[in-house]
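Chemist: First the structure, which I've put down as structure tokens, then a few questions once you've had a look.
The values are calculated or read from the model by the stated rules, or taken from the named source; none is laboratory data. What you see is a predicted model, and the numbers here were worked out from it, not measured in a lab. Using ideal geometry, Cβ is built from the backbone for each residue, glycine included, and neighbour counts are taken over all protein chains shown.
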Amino acid sequence: MRAPTLPRRLAKHRPTMPSRALRSLNRPALALAAGLTTGALATGALAVVGPEGYVVSQKGRAFQPGSLVVGRGDTVTIVNDDSDLLHHIYIESEAFSFDSGDQAPGSRTPIVFRKSGTFLVLCGIHPKMKLLVRVN
Ligand SMILES: [Cu+2]
């Protein structure tokens, strides 16, 4: 009984495979978009607040979290948790510019956000790395 059903199952599954792959590819982008409009920006979701202010990890060539909300004057400390990669963050905007220089593995880079606004933190080495910081 299994042999005749196999081709049908394959035929049924074949068209869903590309869309499933597509969906998983789009998931980070969708999650980021959702985070930008709701949760992450509103609450600063996964950012850890400690003695050095907010802590954002650089791990797997990505910022974790990818966005956060802080108050004016708050410190965001960027930690290079990629044990074998250099990072090099910078911010270029009219209100505020910043350049970390090379960030060795394990290094911690504090940034004090003194101006309100929304700032994009980029990595000069990995163009896909983006961190959005909204300063209220
Ligand atoms: Cu990088």
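Chemist: Residue under question is residue 99, and the condition is that it be more than 17 Å from the chain's Cα centre (by Cα) and without any contact (Cβ under 8 Å) to a residue 12 or more places away in the chain; does it hold?
Modeler: yes
Chemist: Give me the residue from the stretch 109-136 that is among the charged types (D, E, K, R) and within 15 Å of the ligand (Cβ to nearest atom) and, out of that set, surrounded by the most Cβ atoms within 10 Å (Cβ to Cβ).
Modeler: Applying the filter and picking the extreme gives 130.
Chemist: I'd like the residue in the stretch 81-94 that is more than 14 Å from residue 63 (Cα to Cα) and among the acidic types (Asp, Glu) and, out of all such residues, is farthest from the ligand (Cβ to nearest atom).
Modeler: Taking the candidates together, the pick is 94.
Chemist: Mind listing whichever residues of the stretch 60-80 are exposed (fewer than 15 other Cβ atoms within 10 Å of the Cβ), within 14 Å of the ligand (Cβ to nearest atom) and without any contact (Cβ under 8 Å) to a residue 60 or more places away in the chain?
Modeler: 60
Chemist: Restricting to the stretch 49-87, and then to whatever is in a loop (DSSP other than H, G, I, E, B) and under 17 Å from residue 133 (Cβ atoms), can you tell me which residue is modelled with the lowest pLDDT?
Modeler: 52
Chemist: With 114, 108 as the choices, which residue is more than 15 Å from residue 73 (Cβ to Cβ), out of contact with any Leu (no Cβ under 9 Å at 6 or more places or on another chain) and at pLDDT 95 or above?
Modeler: Criteria check complete, one pass: 108.
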